[in-house]
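The values are calculated or read from the model by the stated rules, or taken from the named source; none is laboratory data. Just so we're clear, the structure is a prediction, and the values are computed from it rather than from any experiment. Every residue, glycine as well, gets a Cβ built from its backbone with ideal geometry; the counts of neighbours run over all protein chains shown. Note: accessible area is taken over every heavy atom of the protein model, side chains too, but ligands, DNA and RNA are not part of it. Shrake-Rupley method; radii C 1.70, N 1.55, O 1.52, S 1.80 Å.
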Amino acid sequence: MNLDWLEAAARRVLSDDELAADPALLAEGWERRFTADARRAKEAVELYESLGFEVLARPLRPTELGDDCDACKLVVAFHFQTIYTRRKT
């Protein structure tokens, strides 16, 4: 089975305009920072925590993506996380 399309979809770069922040998290004071692969997300969590932020790394949900690529939704949902931060109170 040829999965080249799957690998290509996994490497697709998404702009911030193509990603939607979780409205419930925004309402709780979280700020969407960016979306990254799992390894980079882990590094970002460590960095933001060292700077004194509360940090969430949430798996990217297919509903956060635009409607232009269904295969992208499947691949990205399993490999990428969205980083949210907020100042500690």
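Applying the selection to segment 21-45, what residues are surrounded by fewer than 17 Cβ atoms within 10 Å (Cβ to Cβ) and of a type in the set (A, V, I, L, M, F, W, C)? ALA21, ALA24, LEU25, LEU26, ALA27, PHE34, ALA38 - these are the residues of segment 21-45 that are surrounded by fewer than 17 Cβ atoms within 10 Å (Cβ to Cβ) and of a type in the set (A, V, I, L, M, F, W, C).
A search for C-beta distances below 8 Å between a residue of segment 46-62 that is closer than 16 Å to THR82 by Cβ and open to solvent by 40 Å² or more (accessible area, probe 1.4 Å) and any residue that is basic (Lys, Arg) and at pLDDT 95 or above, counting only pairs 6+ apart in sequence or on different chains, returns GLU54/ARG86.
Annotation note: of ALA8, ALA38, ALA27, the sole residue that is at pLDDT 85 or above and not hydroxyl-bearing (Ser, Thr, Tyr) is ALA27.
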